[in-house]
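The values are calculated or read from the model by the stated rules, or taken from the named source; none is laboratory data. Please read these numbers as outputs of a predicted model, since none were measured by experiment. Counting neighbours? That spans all protein chains shown, and the Cβs are built from the backbone with ideal geometry, glycine included. Protein only, heavy atoms only, side chains kept; ligands, DNA and RNA dropped before computing areas. Shrake-Rupley method; radii C 1.70, N 1.55, O 1.52, S 1.80 Å.
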Amino acid sequence: MLLSRFFLPVLKETPKDAEIVSHIYMLRAGMIQQSSSGIYSWLPLGKIILDNITDICRNEMILAGANEILMPTLQSANIWKESGRYEDYGKEMLRIKDRNERDLLYGPTNEELVTEIFRTHVKSYKGLPLNLFHIQWKFRDELRPRFGVMRGREFLMKDAYSFDVDYESSIKSYNIMFISYMQLFKKMGLKAIPMKADTGPIGGDLSHEFIVIADTGESEVFLEEDFLSFEGSLNEINYERDLQNEVDKFTSFYAATEEKHNPNDKKIQSLNLIKTRGIEVGHIFHFGQKYSKPMNAIVNKNDGKNTPVYMGSYGVGLSRLVGAVIEANHDKDGIVWPQEIAPWHYNLINLKSGDKSCDDTCKNLYKLIQEKNYTVLYDDTDERAGAKLARADLLGLPFQIIIGPKGIKEKLFDLKNRKNGKIERLSYDELSNFINQNNR
Ligand code: 5CA
C-alpha cells in the first residue's frame, strides 16, 4: 500500500477528550472517528485491525466446530417477552417502534433470537451438539460510554451459542469454548486470564471472564503470579477430545476481582499474588435451560423423552479488543502491534521522496517484500523526514526500513525493530536476506 493513496488522517495533537492511551492513539493514528457518544466510524486503518482480530476469532470458532450465521441487529420484542427479559433489561436496551407501532429493539445480545432459530429446526438429540455463532454489531445504551471503543454504545461482538441434550454434554461444549478462547487470544498476541465471574443479566450457574492485563483496565484484579507465564498445552489442542483436564489446569490458579478477593483467607494468603488491572475481552456463560424452558426449545432424547435443550453463550468484544491490544502493546511514541494482527509487516520509509536513488531503492524493496508474500506500507509522501519517522513510530508496524540519501551513499540501510527500538544497519543483500528469512 502506498501511503500517498491511503486515507490516514493522523492528528498531531493529543485529542482533549481522550483519557486513556488506546483512545488517544486510535484517534491520533486516524483509526476511528466519533459519530456520537459511544458510537464510532472505523477509518481504513482501524477497519484493517478490526478485520484482522475478527478473522482470528472467526477461524478459531470454525476450528472448534461452530457454524457461522448472521442474525439481524433489529429484533422483535416478542421473543424477549417470551424469555421474560424484555422488562428486566431496563434502559440499556434501545427500544424502537416501526410504522405499524410494533415493538422492535436493537439487539444487546442474541440468546432469544438464536433460541428461536434453533427451536424452529432442531427437534431431536440427533442434531446435537450444535454451536451457532455470529459476528454482529450490538447496541447497549451504557450509562457512561467512555474510553473510546472500550466501552461503546454500539460495539462489535462475536457471540456463539451452544445447544446440548443434557448437562454433561453442555459442560463439554462450555469447555471447548473456554479453550478456544485461550487459543484465539493467544493467536492475537495477547495473554488472557480466565477468571470465574458473575452471570449478570445473561444468567446461569457457571461463567468465566477473560481479561487482558493493562494498567488502565476497568477492574482491579488479584492474580497468582505464575498464572501470567502459564501456557497449558494449547499447541496440542484437539477439539474432538474431552477438554476438562485442560480447563482444570487454567482454573486451578487463583484470580479474583477486588470485590471477590478475600485477604483474610489463610489459603489465599499463602499464594504468591500480584495486584493488577484487567480489561474484560471475553465472557462465557453456561445457563442450561434458562431460555429454552420459557421459549419452549424442546428436543427429543435418545430414551424417547423430551427435554428443554441445555445452552451456553460465549462473547468476545471484537471492537473492544482493538483498544485492549493497544493498551497491552504501546510505548511513549505510539502503538506496537503484535506481529499477529499488524496491519502490514513492514513500513518502508523514503526519507527523501523525489530523489531518484531513494525512489529506485524503495521501489525495488517494495516489490521484493511483496514477492515474499509480506505486506508493506510504503511512505512515499513528501513530508519532512522527522514527521515521517514520528508517524511510523505512532503507526507501530513491526519493522521499519528507512531509506535516505546518507544510507544510499554508504550502501547501508536502517532496519528498525519497532518493539525493542533497535536499529541495524544492513547492506542491500543483508536486508533482502532478512526479508527472506523473517518468520511471521
Ligand atoms: N450473550 C453474552 C455472551 S455471547 C454476552 O452478551 N456477554 S457480555 O455481556 O459479557 O458481552 C461479551 C463481551 O462483549 C464482553 O466480554 C466485552 O468484551 C464486550 N462488551 C460488552 N459491553 C461492551 C461495550 N459497552 N463496549 C465494548 N465492548 C463491550
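Could you look through segment 417-434, keep only residues that are of a type in the set (Lys, Arg) and either without any contact (Cβ under 8 Å) to a residue 24 or more places away in the chain or open to solvent by 80 Å² or more (accessible area, probe 1.4 Å) (or both), and pick out the one that is farthest from Lys356 (Cα to Cα)? Of everything passing the filter in segment 417-434, Lys419 is farthest from Lys356 (Cα to Cα). Residues in segment 300-336 that are open to solvent by less than 10 Å² (accessible area, probe 1.4 Å) and more than 16 Å from the ligand (Cβ to nearest atom): Val309, Gly334, Ile335. Considering only segment 347-373, state which residues are open to solvent by 10 Å² or more (accessible area, probe 1.4 Å) and over 33 Å from the mean Cα position of the chain (by Cα). Across segment 347-373, the qualifying residues are Leu351, Lys352, Ser353, Gly354, Asp355, Lys356, Ser357, Asp359, Asp360, Thr361, Lys363, Asn364.
Say whether the condition of being open to solvent by 30 Å² or more (accessible area, probe 1.4 Å), over 20 Å from the mean Cα position of the chain (by Cα) and either closer than 20 Å to Gly396 by Cβ or away from the ligand (no atom under 16 Å from the Cβ) (or both) is met by at least one residue in segment 50-65. No: segment 50-65 contains no residue that is open to solvent by 30 Å² or more (accessible area, probe 1.4 Å), over 20 Å from the mean Cα position of the chain (by Cα) and either closer than 20 Å to Gly396 by Cβ or away from the ligand (no atom under 16 Å from the Cβ) (or both). Among the residues of segment 261-274, is any of a type in the set (Gly, Ala, Ser) and either within 16 Å of the ligand (Cβ to nearest atom) or at pLDDT 95 or above (or both)? So far as segment 261-274 goes, no, none of its residues is of a type in the set (Gly, Ala, Ser) and either within 16 Å of the ligand (Cβ to nearest atom) or at pLDDT 95 or above (or both). List pairs: first in segment 315-328 and in the same structural domain as Asn131 (by TED's automatic domain parsing), second assigned to a strand (DSSP E or B) and at pLDDT below 95, Cβ under 8 Å, 6+ apart or cross-chain? From residues that are in the same structural domain as Asn131 (by TED's automatic domain parsing), the pairs are Ala328/Ile213.
Going by what's in this entry, would Ile79 be described as surrounded by 15 or more Cβ atoms within 10 Å (Cβ to Cβ), touching a helix residue (DSSP H, G or I) at 6+ places or on another chain (Cβ under 9 Å) and under 17 Å from Gly317 (Cα atoms)? Against the criterion (surrounded by 15 or more Cβ atoms within 10 Å (Cβ to Cβ), touching a helix residue (DSSP H, G or I) at 6+ places or on another chain (Cβ under 9 Å) and under 17 Å from Gly317 (Cα atoms)), Ile79 does not qualify.
Looking across segment 103-145, the residues that are within 22 Å of Asn296 (Cβ to Cβ) and basic (Lys, Arg) come down to Arg119, Lys123, Lys126. Could you tell me which residue of segment 127-160 is farthest from the ligand (Cβ to nearest atom), considering only residues that are charged (D, E, K, R), more than 16 Å from Ile69 (Cβ to Cβ) and touching a helix residue (DSSP H, G or I) at 6+ places or on another chain (Cβ under 6 Å)? Here the residue is Asp141. When Leu415 is tested against (1) assigned to a helix (DSSP H, G or I); (2) touching a Leu at 6+ places or on another chain (Cβ under 8 Å); (3) not polar (S, T, N, Q), just one condition goes unmet, and that condition is (1). Please find, within segment 99-128, the residue that is surrounded by the fewest Cβ atoms within 10 Å (Cβ to Cβ) out of those that are under 30 Å from the mean Cα position of the chain (by Cα) and among the acidic types (Asp, Glu). Applying the filter and picking the extreme gives Glu116. Check whether at least one residue in segment 28-45 is modelled with pLDDT of 95 or more, open to solvent by less than 40 Å² (accessible area, probe 1.4 Å), under 17 Å from the mean Cα position of the chain (by Cα) and closer than 30 Å to Leu234 by Cα, and report yes or no. No; the residues of segment 28-45 include none that is modelled with pLDDT of 95 or more, open to solvent by less than 40 Å² (accessible area, probe 1.4 Å), under 17 Å from the mean Cα position of the chain (by Cα) and closer than 30 Å to Leu234 by Cα. Here Asn296, Asn364, Asn373 are screened, and the one residue that is at pLDDT below 95 and not in a strand (DSSP E or B) is Asn373. Residues considered: Ser173, Ser124, Ser169. Of these, the only one that is more than 10 Å from the ligand (Cβ to nearest atom) and within 23 Å of Cys57 (Cα to Cα) is Ser173.
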